[in-house]
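The values are calculated or read from the model by the stated rules, or taken from the named source; none is laboratory data. The shown structure was predicted, so the numbers you read here are calculated from the model rather than taken from an experiment. For accessibility, only protein heavy atoms count, side chains too; no ligands or nucleic acids. Shrake-Rupley method; radii C 1.70, N 1.55, O 1.52, S 1.80 Å.
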Amino acid sequence: MPLPFNDSLALDNLFYKAHFPKSMCILHPNYITTLGNVFALLTFYFFMKNQFWLVLLFAFFKQLCDIYDGIIARKCNKTSTFGKIYDILSDTFYTIIILLLTIMKVSYRFKWIKLICSFLIIYYLYFTYRSYHSNYETINNSPLSRIMHDNTIITVPLFTLFFYYISILY
């Protein structure tokens, strides 16, 4: 994930600009991504079990891992092509699985919600592909995308909770 685009509106900068102890360089960013994937699996599990607070907790931890894998990669000079792709795929699968779980849980009486979630999956795949292949200019060119990208510590858990609530209400 690229660094935040807008310093003034980026909550994620609280992490990027905070003091960084070099002792954290013993960690490998891909291991942090993997830990984030474990938190994602726990989020999915509790999403299906309708455990609101655990969904929120693990979605937040997943996003912290997503932020810190990038910080460690950049500040410890451990960036790699594999790590970049692994991070993007992890984020993409997380988003798609949350949407798929919503589709599974929503009643058939609300087919329009299932249709919207299906559309969002296709759009997200397209947006991720375009962002990756345009060196993130797709994000930089859209004010809404910049705000969402620069505040993932809030937007990802809110996205998760929004679809969690849709899944239990409908």
In the stretch 64-128 the accessible area split gives carbon plus sulfur, as whole percent at 1.4 Å, a share of 74
Of all lysine pairs in the stretch 61-118 that are eight or more residues apart or on different chains, those with Cα atoms under 26 Å apart total 7
In nanometres, the difference between 0.36 nm per residue of separation and the alpha-carbon distance of ILE85 and LEU14 is 23.1 nm
